[in-house]
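In what follows, a structure is listed as structure tokens, so that the remarks can point back to it.
Just so it is clear, none of the values below were taken in a lab; they were calculated from the coordinates. What you see is a predicted model, and the numbers here were worked out from it, not measured in a lab. All Cβ positions, glycine included, derive from the backbone under ideal geometry; neighbour counts span all protein chains shown.
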Amino acid sequence: MATLARGMNSARSNGTSTSKGALAVGMAVLLLAAGGGAAGAQPTTTPEPTPGPTSATQPPAASTTPPPATSATTPPASTPEPAPPQSETTAPPAETTSAAPKTEAGEWKPTDSPKSTVTPGQMRSDREEIPEGFTKADADKAETMEAKIQMSRALTAGCQVYWPAPYEVCGAIKDKYNSLGGPNSFLLWPTTNELTNPDGQGKRSVFQNGPIYWSGAAGAHPVVNHFFAAWQRNGWEAGILRYPTTDEIPSANGGRRQEFQGGGIYWHFNEAYYVTGAIRDRWNQLGAEAGAFGYPTTDEINTPPELATYGTRMNSFEAGSIIWGSQQGTSDGQWFVVPTAGPGPGEVTITPGPPVIEPCPSETLHSGSVFNCEEAWRDAYGKLVVARKGRSDSEATSGHGAFGWIHALVDHTMDLDAIGKIVNVSVKTPIAGRQEYTAQFKIRGEPVIRAFVRTIEAPQSEDGHLDEYDMGLLTAYCKTGSEAGEGFCPRWVNDTLG
């Protein structure tokens, strides 16, 4: 989560508030349902992104849809920048007897008759439990801010304070926040005053579970969790996507999407990626996320050497890639297999989605052994194939050769999802006592790369240990032509298979 820090707190440059609220780390733990939002939009429900390696996607500078030139005219902000909160004065302590028990915090509501000065024993914090993450000083300050706003004839330019958070939420951002349910929504409480974005035009307020961004052209919308991560790695509002134009919207097959001025971000199976320009136009023609290609599995990136003939930019999807070049236009690349049954001998495309995984049989569970089953898949013939752990080339010795999913991943860079997807749908061919499953990636009918999975249908014995299950993974690899041996699989192979 450290990489998200710039956009998820007030440390971002050109912010006008000196207050820095503590941001809740568990962004997706408390996603409370709340109505409202933009037409068709729903509150966020995607899980929090898991920290991992830096994305390998390329920067969006060479995108199919170039970002617009920056306007020399700065539109008015959604609301005036809030004035610094006035200092509070403390009244003399009131004479009290024994303290009354505090009521538990329930659904958030504004403070009734808030005190304009901190009066010990008479504050809301003296009667009510303070939500976690805030101190009594925070709560008392927030109450005095509520009182000052109520007493102000100008209503502080349309701002509101949400006890116990001592921050003002203003203008269109306040209206959006209230429409989602305010502190009762998935965003929870504010952690900053309204901030000016680095472009000097837009505004944002940060909440415990994410920010709401505003621009004069696009309005106010929350961007959180995986959508925020995808937006962040592509430059926030300064990048190709620019400002959000909708809240999150439910999409096909349990996914979600959010629209931006420069494209759309789509989430499915725990990650989100953007699609834009001519590639998105072609993807929409093919049915978008509900079509043959499924959801994106990368942002728009530079094409790898194997695909450079067909263009300079591409997105990978769950069942293929769309490639674009200024001279070539768009090209579709998909995986094909020969079906085990059907009306004819022709090939069929591999459908989107992850492989179908089966439980490992009990006799294949050998904890700590190279023969231990890590995952299992059923092939198109109904046979169960187990992915034994195995060993890599570097671990192999005489009589103890490389095999299994570790060998496939480390030595040939094909991952379990890709292997399982090929096993699920491909025919198998007997080769030298082994079985081989094959798929090939085609663009415009031309094979570009072939992927192979090899298994053995016989028990294996090593050092007196018998692996009694007779269908196990030996290796998986790729070839780009007729070269001999077992080759490496480019990363995009894994991106487009499951």
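Summary table
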quantity: Assigned charges on the beta-carbon of Lys, Arg, Asp, Glu; the stretch 357-495 dipole about Cα centre (debye); calculated: 600 debye
quantity: Backbone HN-Hα couplings from phi across the stretch 434-447 [Karplus 6.51/-1.76/1.60, Hz, Gly and Pro as x]; calculated: 10, 10, 10, 9, 9, 9, 9, 9, 10, 10, 6, x, 9, x
quantity: Distance violations [Cα-Cα > 25 Å] among Lys115/Lys174; Lys421/Lys442; Lys136/Lys203; Lys115/Lys203; calculated: Lys136/Lys203; Lys115/Lys203
quantity: Additional length obtainable on full extension of the chain from Ala252 to Val338, 0.36 nm per residue less Cα span; calculated: 28.2 nm
quantity: Most to least packed among 107-118, 373-384 [average Cβ atoms within 10 Å]; calculated: 373-384, 107-118
quantity: Average Cα contact separation per residue, the stretch 357-495, under 8 Å, 6 or more apart, as relative contact order %; calculated: 21 percent
quantity: Full-stretch length increase - Lys109, Ala380 - with 0.36 nm per residue and alpha-carbon distance subtracted; calculated: 91.8 nm
quantity: Residue exposure sequence - Phe371, Phe207 - by fewest surrounding Cβ within 10 Å; calculated: Phe371, Phe207
quantity: Extension gain (nm, one decimal) between Asp281 and Val348, 0.36 nm per residue minus Cα-Cα; calculated: 21.7 nm
